[in-house]
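In what follows, a structure is listed as structure tokens, so that the remarks can point back to it.
What follows is calculated from the coordinates using simple rules that are stated; it is not laboratory data. The structure displayed is predicted, hence computed values, not measured ones. Cβ: placed from backbone, ideal geometry, glycine included. Neighbour counts: every protein chain shown.
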Amino acid sequence: MEKLKSVEQFEQLKNGERTIFMFSADWCPDCRIIEPLLPGLMADYPEYEFIYVDRDEFMDICQQHDIFGIPSFIAYHSGEEVGRFVSKDRKTREEIEAFINELSA
């Protein structure tokens, strides 16, 4: 998964065709649990570009988008937010898949 490098890149990527941002941090145990699932999810949903956003490095983006718990996901399509899966709770593969599948519904 590509890591976000700048606020400018975030703005550019959210204007892309289909982008899912995963907000996370290296120290987050719930984030580490879903990490092994991510390559499979990315392979199952090739129509989406998945971007890792480090919560500590991009706190301003997190605050602007009300990301107070991690791991969390926000999806954009052509600059518009089309879905979010934001909470402080641990996520399962099934929950993440349900979130992504609802984006296409």
### Task
With Rg/Rh (Cα atoms, Kirkwood Rh) in mind, check (1) 0.92; (2) 1.46; (3) 1.01 and report the label derived from this structure.
(1)
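Tell me what the chain gives for mean residue ellipticity at 222 nm when only DSSP H runs of n ≥ 4 count, each as -39,500 (n - 2.57), the sum divided by the residue total, rounded to 500 deg cm²/dmol.
Working: 5 runs with 39 residues, N = 105.
Helices in the chain give a 222 nm mean residue ellipticity of -10000 deg cm²/dmol.
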### Sorted by Cβ neighbour density within 10 Å, fewest at the top, the residues Val86, Val7, Val53
Val7, Val86, Val53
### Query
Within the stretch 20-60, which GluC sites (Glu not before Pro) sit in a loop by DSSP and count at most 16 neighbouring Cβ atoms inside 10 Å?
Glu47, Glu57
### Task
Restricting to the chain, compute how many DSSP beta bridges are antiparallel as a %, nearest 5.
55
### Message
Rounded, prolate or oblate for the stretch 55-105? Axes are the square roots of the Cα gyration tensor eigenvalues, ordered a ≥ b ≥ c, and the cut-off for rounded is a/c under 1.5.
### Response
oblate
### Protection proxy ranking of 15-26, 66-77 - average other beta-carbon atoms within 10 Å, highest first
66-77, 15-26
## Note on the structure
Cys residues of the chain with no disulfide-compatible partner (no other Cys Cβ under 4.7 Å) are Cys62
### Query
Where nothing but the Cβ of Lys and Arg (+1) and of Asp and Glu (-1) is charged, how large is the charge dipole of the chain around its Cα centre, in debye to the nearest 20?
200
### Query
If you average the sequence gap of Cα pairs under 8 Å that are 6 or more apart and divide by the length of the chain, what percent do you get for the contact order?
34
